Amino acid sequence: MKRLEHLKCYGYILPGLFFMGIFTFIPVFMSAYLSLFKWNVNYPEPHFTWFSNYVEVFKAPLFWLVLRNNLIYTFTTIPISMSLALFLAILINQKMGWIRSIYRGCLFYPTMIPMVAAAMLWVWIFNPGLGIFNYYLGFLGVPKIEWLYDMRYALIAIIIMSIWKNFGYYMLIFLAGLQGIPNHYYEAAAIEGATGWKQFRYITFPMLAPATLFVFVVAIISSFQVFDQVFVMTQGGPGDRTNVLVFYIYQHAFRFWDLGMGSTLTTLFISGLLVAIWLVFRVLGRRVYYEV
Amino acid sequence: MRKIILLLTVFFFVAGLIGASETWAQKEKVKPKLLRLTFYYPVGVAGPLARVIGEMTDKFNKENEGKIEVVPVYSGDYDPTMQKVQTAIMAGNPPDIFMVEISELPTLLAMDAVLPLDDYIKKMEKGYWEDFFAPFRENATIGGKIYGIPFQRSTPVLYWNKEAFKTAGLDPDKPPKTWDELKDYATKLNIKDKQWGVTISGGWNDWLFEAFVRQNGSYLISADGKTANFDSKEAVEALEFWVELKHRLKVGPPHSTWGSTPPDFVGGRTAMLYHSTGILTFLKRSAKFDFGVAFMPQKKTYGAAVGGANLMIAKKIPKERQEAAWKYIAWMSNVKNVAEWSVASGYVAVRNSAYEDPAMKEHVSKNPEYLVARDQLKYAHGKMMAKNFQKVREILKRQLDDSVAGKIAPAEALKIAHKEIQAVIQ
């Protein structure tokens, strides 16, 4: 009887596993295998070369620039969009009747627009002469910035756009978390004389830990997967200053048609991401308090 | 019991699918006469040109009803088109006809993917091949064999805003003729934070850079595609001139994208623009001011590298499909269609005799600026091409971008480009 029960469970996950296998697991192992081959325009047939692709990756100065760009993106977008999301979630969680749904809708709508469409939109917003971004900055006395054209600002422009695009989703998760915190905690705290910051520090923040961990992990993954906005807005330029990991992989695999190199980069990318997430769970996961 | 029903349902479902696909396959066999060909094509510049290709192809399909049907597939601009063609080739299912950026030919040959067209060309009317402008023929030929028929072809030209010239006190009918004049005019036209003097467009700045090197009397890659020549004195001078304009004098944006600079010109953000002749129709429709089209200014000589895409046929498809594909290409490249395409798009008509076509004659008598790119062909050369061209482009663009931002000296940058590119193309 127990055995049958087990079999049934496997039966249920089988269809999912089947498609995951075809579209995720097999490709992952295939690219790990192919990363040991030279396979490009010069070698139309795969040619086994051990780890020479990996050596080549680490020796390319461009790879380090790309990694640097991506890390800058990660370490700026995550803290800013997460704290913005938390702040706005707390504001929106106040009781203010019907107006709340309007605010919520306004804040959430960037998340609902497809990334490519949003990126096209921001190309115009950032246009140095005609765009509204410079127009409004002009009122603040900021001199004209050539956002996407300028090496110094192009990555910042992408970061601004991505924060605008992503914080709404995080905000919604925080909001759901906030609404799950029972009110009597706050009542008890109020009786004891804890207000404002103390309530946040000792009730809200710990109770939100599971939501925060989830948002953090999702944010890390999406910050390394950044691609669409770069593809549409800058194509990695000017001078590779907005070239990020997935775009770099795309360039090698589909533009240079260097499948060996593309596989090598993909394998490095996946392993790096797995290690990062494992670290997050190890360091933060055990500090999270789950209310049962 | 339930399980049995479920199993039976699945069984019949699968059996039904197999059955259906078999009858489908048989149907295909019964009617083998209609050849349905796929045609991947890009549109490199702004404009509703996809529609024009669709309309022309419809006409062809009507003439060949029941025998050949060409299905045009718009595949993005040049880079995505090349990707799609390459992917399809690797998967063993190439499009029958494709139009890719001219510098990609050596890469496609390395993949053994393109059919030589000499035999077909021999069967055409006398003088068919020679009727194409010579610089356009260069990028279709490697090792004495012809692999493509020029179709969507262009050269870069200089656009100038006549009203901005007037405002700056310059003669609105006299565009700059030399690099020195260009620098002088750009400085006069430049209004800080409002209007650039001259924009040398980014995105395909490698192509525009090649034009500057040609104007200075040199080249970037040898005609056989094997030897790089990026660190010549002439190339360094050309890049130094860019650095002067964009970095030291700050009369042009150091970086930009290919798609954003035509709207910049239309919006009065730049007084002069280096861009493809293919945007001329877009500018004519959108600009609210009078503008002119001129040869790119010269240093030692006028000069340009031609650009655009050729029509090609896949090598690994059955003979009858190749013949049908050639029929389509021969039709698309007949004088009347070449003229029609040029009028609709603003691209250069690729054949000499197309300019004798009545529709074309009328068009250029009303809009003489469409003749500038053709006349510039006298000074134009084939575009550099080599294996792994996508990589060549990325390497060169990186060094150009870094140089005009003042991050690296031109001589140094081109030395790096030279070394890296030589390693990639041999």
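The values are calculated or read from the model by the stated rules, or taken from the named source; none is laboratory data. What you are looking at is a predicted structure, and each value in this text was computed from that prediction instead of being measured. With ideal geometry, Cβ positions are generated from the backbone for all residues, glycine too; neighbour counts draw on all protein chains shown. What goes into the accessible areas is simple: the full protein's heavy atoms, side chains included, and nothing from ligands, DNA or RNA. Shrake-Rupley method; radii C 1.70, N 1.55, O 1.52, S 1.80 Å.
The table for this structure:
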item: Top of A:Val215, A:Val57, A:Val230 by mean-square fluctuation, Gaussian network on chain A, Cα under 10 Å; result: A:Val57
item: Percentage relative contact order, region B:132-179, counting C-alpha pairs under 8 Å, at least six apart; result: 21
item: Candidate aspartates and glutamates - alpha carbon under 15 Å from B:Lys327, same-chain residues fewer than 8 apart omitted; result: B:Asp58, B:Glu63, B:Glu65, B:Glu69, B:Asp96, B:Asp118, B:Asp119, B:Glu125
item: Directionally averaged projected area (convex hull, Cα atoms, region A:124-272), nm²; result: 12.8
item: Within straight-line cross-link reach of B:Lys250, aspartates and glutamates at Cα separation under 14 Å, skipping those fewer than 8 residues along the same chain; result: A:Glu146, A:Asp150, B:Asp184, B:Asp193, B:Glu240
item: For B:Lys315, residues with placed amide H under 5 Å, excluding near neighbours; result: B:Val114, B:Leu115
item: Against the rule of thumb 2.2 N^0.38 Å, how large the Cα Rg of region A:156-224 comes out; result: 1.39
item: Accessible area per residue, Å², chain B with all protein chains present, probe 1.4 Å; result: 43
item: Whole-Hz ³J(HN,Hα) from phi, Karplus 6.51 cos²θ - 1.76 cosθ + 1.60, for region A:263-273, glycine and proline x; result: 5, 4, 5, 4, 4, 4, 4, 5, 5, x, 5
item: Using alpha-carbon coordinates, inclination of helix B:233-243 to the longest axis of chain B, degrees; result: 80
item: Residues along region A:122-137 losing 20 Å² or more of accessible surface when the other protein chains are present rather than the chain by itself (probe 1.4 Å); result: A:Trp124, A:Asn127, A:Gly129, A:Leu130
item: Kirkwood-based Rg to Rh ratio, chain A, C-alpha trace; result: 1.04
item: Linear extension gain, A:Glu45 paired with A:Phe227, 0.36 nm per residue minus alpha-carbon span; result: 62.6 nm
item: Of all accessible heavy-atom area on the protein assembly as shown, the percent that carbon and sulfur account for (1.4 Å); result: 64
item: Separation of the B:Lys188 and A:Cys106 label points, Cα + 7 Å toward Cβ, nm; result: 5.1
item: Per-residue [θ]222 nm for the protein assembly as shown (sum of -39500 (n - 2.57) over DSSP H runs n ≥ 4, rounded to 500); result: -17000 deg cm²/dmol
item: GNM flexibility winner over chain A from A:Tyr202, A:Tyr54, A:Tyr73 (Cα, springs under 10 Å); result: A:Tyr202
item: Rg and Dmax [Cα atoms of region B:53-187; Å; Rg one decimal, Dmax integer]; result: 21.1, 63
item: Net charge of Cβ neighbours under 14 Å - reference B:Tyr370; Lys, Arg +1; Asp, Glu -1; result: +1
item: Equivalent ellipsoid semi-axes, the protein assembly as shown, via Cα gyration tensor eigenvalues times 5, rooted, Å; result: 49, 37, 25
item: Exercise: per-residue mean of other protein chain Cβ atoms within 10 Å, A:232-243; result: 5
item: Bridge type composition, the protein assembly as shown - antiparallel percent by DSSP, nearest 5; result: 65
item: Fraction of antiparallel bridges per DSSP, chain B only, in percent to nearest 5; result: 60
item: Gap separating the Cα centres of region B:316-343 and region B:37-95, nearest whole Å; result: 12
item: Computed P(r) (all Cα pairs; region B:337-426; 10 Å bins; percent); result: 15, 29, 19, 23, 14, 0
item: Whole-Å distance, taken between Cα centres, linking region B:179-204 and region A:8-86; result: 43
item: Loop-resident sites, region A:137-187, for trypsin sites (Lys or Arg not before Pro), counting at most 16 other Cβ within 10 Å (DSSP); result: A:Lys144, A:Arg152
item: Fluctuation leader among A:Trp147, A:Trp98, A:Trp124 - chain A, Gaussian network, Cα springs under 10 angstrom; result: A:Trp98
item: 37 °C / 0.692 mPa s Stokes-Einstein diffusion coefficient of region A:1-138, Kirkwood radius on C-alpha pairs, µm²/s; result: 152
item: Relative contact order computed over chain A (Cα-Cα under 8 Å; 6+ residues apart), in percent; result: 28
item: Cα-based Kirkwood hydrodynamic radius, region B:260-365, one decimal, Å; result: 16.6
item: Two-site label geometry, A:Arg286 and A:Leu140: point separation in nm, points 7 Å out along Cα→Cβ; result: 4.4
item: For chain B, alpha-carbon Rg over 2.2 N^0.38 Å; result: 1.11
item: Cα-projected label distance for A:Leu65 with A:Lys2, points at 7 Å along beta-carbon direction, nm; result: 6.2
item: 5 Å-binned pair-distance histogram of region A:186-292 (Cα, whole percent); result: 2, 10, 14, 14, 13, 10, 9, 8, 7, 5, 4, 2, 1, 0
item: Accessible surface ranking that places the most exposed of B:Thr270, A:Thr24 first, with a 1.4 angstrom probe; result: A:Thr24, B:Thr270
item: log10 of Debye I(q)/I(0), alpha-carbon scatterers only, for region B:215-272 at 0.14, 0.16, 0.18 Å⁻¹; result: -0.58, -0.70, -0.80
item: Along chain B, longest interval not containing exposed GluC sites (Glu not before Pro), exposed being DSSP loop plus at most 16 other Cβ atoms within 10 Å; result: B:131-426
item: For chain B: relative contact order, % (alpha-carbon pairs under 8 angstrom, 6 or more apart); result: 24
item: Pairwise FRET efficiency - A:Tyr10 versus A:Phe216, Cβ, R0 = 45 Å, nearest 0.05; result: 0.90
item: Accessible-area value, B:His363, 1.4 Å probe, nucleic acids and ligands omitted, Å²; result: 30
